[in-house]
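Rule-based calculations on the coordinates, nothing more; no lab input. Just so you know, these numbers come straight off a predicted model, no measurement behind them. As a convention, Cβ positions derive from the backbone with ideal geometry for all residues, glycine included, and neighbour counts pool all protein chains shown.
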Amino acid sequence: MAGKRLVFSIISIGIVLAVWSFKSSSEHYPPTDKTHPNIFIIGIDALRPDHLRFRDSNNHFTPNINQFIQRSYLYDKTYTPQGRTYVAWMSILTGQYPINHGARFNLAPPELINKQLPLIRELKARGYKTTYSIDERRFNQIDNEYGFDQVIGPKIGAADAIIANIGDIPLINLFLKFDVSESLFPYLYMNRAYGKAYDPQLFNRKVTDSLSTKQPNFLAVHFCQLHWPFTSKDFIDVNSVKWKGNYNHFMYQAMLTKVDLQFQQFINTLKDKGFLDNALVYLISDHGEGFMLKEDTLLGNQPKDEVKFNVNAWGHGTNVLSQEQANVLMAYRRFNQQVETAKQFQGVYSLIDIVPSLFEELGLSLQPTDKKFDGQFLPKDISQVMQQSVFVESSLPIKSINASFIDEAKVLSETMSKYEIRQNGRAVLVPSIYMEMIAKKQRSIYFQHWQLAMLPDYSDLILVDTQQKRWYSLETYKGDAPWKQMLRDLCAHYRDDKGFDSHNKCP
Ligand SMILES: [Zn+2]
């Protein structure tokens with residue numbers, strides 16, 4: 001009898017929670033003020049442009065994203081300043097390179113970072129509601145201190161990495177569906193890193209329900225389904241992907257379809273509620289992902305075994321020579337302009353170009369005390385060809401944490417001594433070690449289809465022809481690449497980094 005009552009109570013609680021959880025507004029919000037468009041920067045973690053249709057018509061993983069791009073301005077050769085989520089987002093939001101905003105690693109000591117975001121300050125002054133939202137926070141520390149009106153996503157903390165590991169108990173998985181679990185399990189709730197329980201639609205709804213129906217919105221949202229551990233609470237459609245013996249790449253391709261559905265559901269909701277009327281949208285990825293695919297290997301003039309550096313790599317941010325890690329998606333779309341086919345722009349671009357372009361489009365201006373943008377205005381006219389160079393640096397290559405193939409025990413033993421746990425429960429790099437780690441970075445510059453790279457543990461400079469996917473040792477290079485100017489620019493950009501140019505290559 002007591003058992004029955006207990007079952008009945010659990011069912012009742014379940015029903016109450018379900019009703020509570022699924023209440024959702026379907027209010028339509030047509031903007032009346034056309035001078036203040038809604039602004040959306042939609043990030044998709046680790047999305048490789050070469051897995052999309054505009055690069056290869058055989059790619060069928062992301063029909064919805066492909067369709068969106070089809071009606072966008074596309075900046076094809078766009079690079080992330082660094083292939084790490086937090087560093088990339090800081091670069092996007094400041095319009096500056098890491099050397100200027102101060103975030104050189106994901107878990108950078110917060111006191112070394114400039115958290116003033118002129119974009120957010122100026123938008124708030126114009127009456128915008130500003131929101132940052134992300135479904136995986138282990139490696140991303142952006143919070144209310146960066147000036148956002150609201151931040152949506154799992155709580156940050158050293159604890160969530162640990163809890164996500166041990167929290168795989170069926171009861172908790174079930175409860176995560178309901179809003180009440182936000183207070184019971186703050187670290188697991190909506191956390192993409194906890195793959196088996198993560199619900200993309202719940203996260204979408206949390207974000208879209210939070211948008212203002214009275215003020216214009218600025219929303220930066222980042223979807224992390226493509227990030228390791230490549231798992232899903234739903235079944236993976238294994239028939240859509242061919243098995244070629246590479247588990248991570250196989251799962252990645254299967255997850256592309258999942259994140260594509262999440263993206264489309266999100267866009268549909270924005271559209272249905274009227275948030276897209278007159279909106280401007282940037283669709284980007286923060287970095288690519290290395291899977292050691294044969295076609296990603298850079299070719300050289302020596303047998304592969306004799307090459308003293310990696311010409312292919314796992315993960316992201318681990319190797320500046322890995323083009324598939326640094327090349328990202330950047331597409332811009334203005335609603336409700338009619339773009340029938342994608343406009344593809346020549347030249348190289350960086351994610352730091354977004355904010356300066358927003359300032360120009362919205363007529364915002366920096367204050368005299370603000371640092372200048374490193375980024376440039378993105379062209380909107382296809383006849384304009386930008387002749388800028390852009391910079392890409394690595395994170396610290398740590399053997400066991402190449403972000404794709406994580407052996408947690410190894411990562412802990414290799415890296416734990418580099419971190420300290422602060423009073424607020426967050427793990428950050430020890431500041432003294434942080435400066436040492438900056439010296440060990442790989443650094444590079446892109447210009448046209450060339451990349452010039454400086455690796456601290458290799459004595460020569462490396463020149464990469466990104467079209468031919470070939471590398472050259474500069475000492476033996478005889479071609480006409482504009483490497484002298486590239487080297488001058490690279491040296492000027494990084495000259496204040498402690499330990500930079502240890503082989504005295506700068507003129
Ligand atoms: Zn990322």
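Here are a few things to note about the model shown:
- Debye-formula intensities of the range 442-507, expressed as log10 I(q)/I(0) at q = 0.23, 0.25, 0.27 Å⁻¹, are -0.99, -1.16, -1.33 (one equal scatterer per alpha-carbon, no solvent).
- Farthest towards the positive end of the charge dipole of the range 307-363, among the residues ILE354, VAL307, GLY317, is the Cα of VAL307, using unit charges on the Cβ of Lys, Arg, Asp and Glu.
- In summary, the aspartates and glutamates within cross-link reach of LYS244, defined as a Cα separation below 16 angstrom excluding same-chain residues under 8 places away, comprise GLU295, ASP296.
- ARG55-GLN337 pseudo-label distance in nm [points 7 Å out on the Cα-to-Cβ vector]: 2.5 nm
- The residues packed around LEU366, meaning those with a beta-carbon under 9 Å from its beta-carbon, carry a net charge of 0 if Lys and Arg are +1 and Asp and Glu are -1.
- Kirkwood-type radius of the range 237-297, with distances r between different C-alpha atoms, in Å: 14.2 Å
- Calculated FRET efficiency for the pair HIS503/LYS371, C-beta based, R₀ 30 Å, to 0.05: 0.50
- Label point at GLN150 placed 7 Å out along Cα→Cβ; residues across the range 92-129 whose backbone nitrogen lies under 15 Å: 128-129
- Above-threshold pairs, the threshold being 26 Å between Cα atoms, out of LYS372/LYS478; LYS115/LYS273; LYS206/LYS371; LYS77/LYS372: LYS372/LYS478; LYS115/LYS273; LYS206/LYS371
- The calculated FRET efficiency for the pair GLN67 and GLU361, based on their C-beta separation and a Förster distance of 25 Å, comes to about 0.55.
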